1. Among the residues of the stretch A:101-110, is any part of a helix (DSSP H, G or I) and either on the phi > 0 side of the Ramachandran plot or more than 8 Å from chain B (Cβ to nearest Cβ) (or both)?
2. If I filter the stretch A:59-77 for residues that are outside any loop (DSSP other than H, G, I, E, B), aromatic (Phe, Trp, Tyr) and over 12 Å from the mean Cα position of the chain (by Cα), do I get at least one hit?
3. Scanning the stretch A:1-37 for residues that are among the hydroxyl-bearing types (Ser, Thr, Tyr), over 12 Å from the mean Cα position of the chain (by Cα) and not in a loop (DSSP other than H, G, I, E, B), which turns out surrounded by the fewest Cβ atoms within 10 Å (Cβ to Cβ)?
4. Need the failing condition index for A:ARG118 against (1) closer than 19 Å to A:ALA22 by Cβ; (2) surrounded by 19 or more Cβ atoms within 10 Å (Cβ to Cβ), just the number.
5. Which residue, of B:MET114, B:MET56, is more than 25 Å from A:LEU83 (Cβ to Cβ) and modelled with pLDDT under 90?
6. Which condition does A:THR53 not pass, out of (1) over 21 Å from B:LEU185 (Cα atoms); (2) among the polar types (S, T, N, Q); (3) more than 10 Å from chain B (Cβ to nearest Cβ), if it passes all the others?
7. Looking at this structure, is A:VAL78 more than 29 Å from B:ALA95 (Cβ to Cβ) and touching a residue at least 60 places away in the same chain (Cβ under 8 Å)?
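The values are calculated or read from the model by the stated rules, or taken from the named source; none is laboratory data. No experiment lies behind these values; they were computed from the predicted model shown. Please note: Cβ atoms are built from the backbone with ideal geometry, for glycine as well, and neighbour counts cover all protein chains shown.
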Amino acid sequence: MSKTQILTVDDSPSMRMLLRVALTERGYDVEQAEDGLEALDWLGDNKPHVIITDINMPRMDGFELIESLRTEGDHQTVPILVLSTESSDEKKNRARSAGATGWIVKPFDPDKLAAAVRRVAL
Amino acid sequence: MPGVMTMAQRAAKRNRISVMQGTRRVTGNPNVVFTTILGSCVTACLFDKHASVGGMNHFLLSEPPQGSGHKAQEIERYGVYAMEVLINDMLKAGAQRQYLSAHLYGGANLHQGMQAIGTANSTFATNFLATEGIPVIHASLGGRAARRVEFRPASGLARCRILIDDVVFEMPVKQKTEPVGELELF
């Protein structure tokens, strides 16, 4: 069986590094984009098993990315986990109605993050 | 003279806000001065000169890594979190990531023979800003003495004074003590 592939979307290089190390160490195949637009571009040719996205990003934020993926195309059912410093109900509700699968508040715990991925991965 | 404030009046009008360990403040208000006292802790003062918005955090990461890769990653995660929430608050106040510059202060090793917590904090902060491409305008890090820092967020001016004889008490605390990273399924 091939590895579970995860796309992480975050504008911070430090956060991308942390995510890459944490998920690679736990056996996942990790691809990375630095904002919503770069993610959409890569998703044009690829189908990851899970997407983990930040909310606050330049050019295209996490909300817009989720809305765009759920509206049309090949990614209407892929599990999308939001990983954000935000924890307000207002933002969570917005992500929920956009079609996100779940929400994780930063800072993340690597084992819990991997457990969350296992839980939602199709 | 009507309409002209004396120095004393201006100083009285200034709003001094102490930034405590584990917190951060952001504003574009020209009357605000952020202040903090640091031992091993580090403060990053971020500034966007186009938006005239500044912010300060104040963090102390737990003990330095003792060859355990796991521990080093944990320090890194909490440090990245402390910086990310400050940057996000800056962006919400109108700053743009590409215009951010930084001052870094603190990271003293107050007691000889203790683990070099200050050095670990300084190294983290310096590496973080380099990785993020945020230029450091001025840094005063390390040594054995505490520091008092004043930062004017709207103008980006910072002043750092070494406190030779002062004793600063601080305890390493994680930026968040409640359980973190829990999944909330929608």
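1. no
2. No, the stretch A:59-77 contains no residue that is outside any loop (DSSP other than H, G, I, E, B), aromatic (Phe, Trp, Tyr) and over 12 Å from the mean Cα position of the chain (by Cα).
3. Checking each candidate, the answer is A:THR24.
4. (2)
5. Matching residue, one of B:MET114, B:MET56: B:MET114.
6. (1)
7. Answer is no for this residue.
Condition check ((1) exposed (fewer than 15 other Cβ atoms within 10 Å of the Cβ); (2) among the hydrophobic types (A, V, I, L, M, F, W, C)) across all residues:
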| residue | (1), (2) |
| --- | --- |
| A:ALA39 | no, yes |
| A:ILE51 | no, yes |
| A:ILE55 | no, yes |
| A:HIS75 | no, no |
| A:SER87 | yes, no |
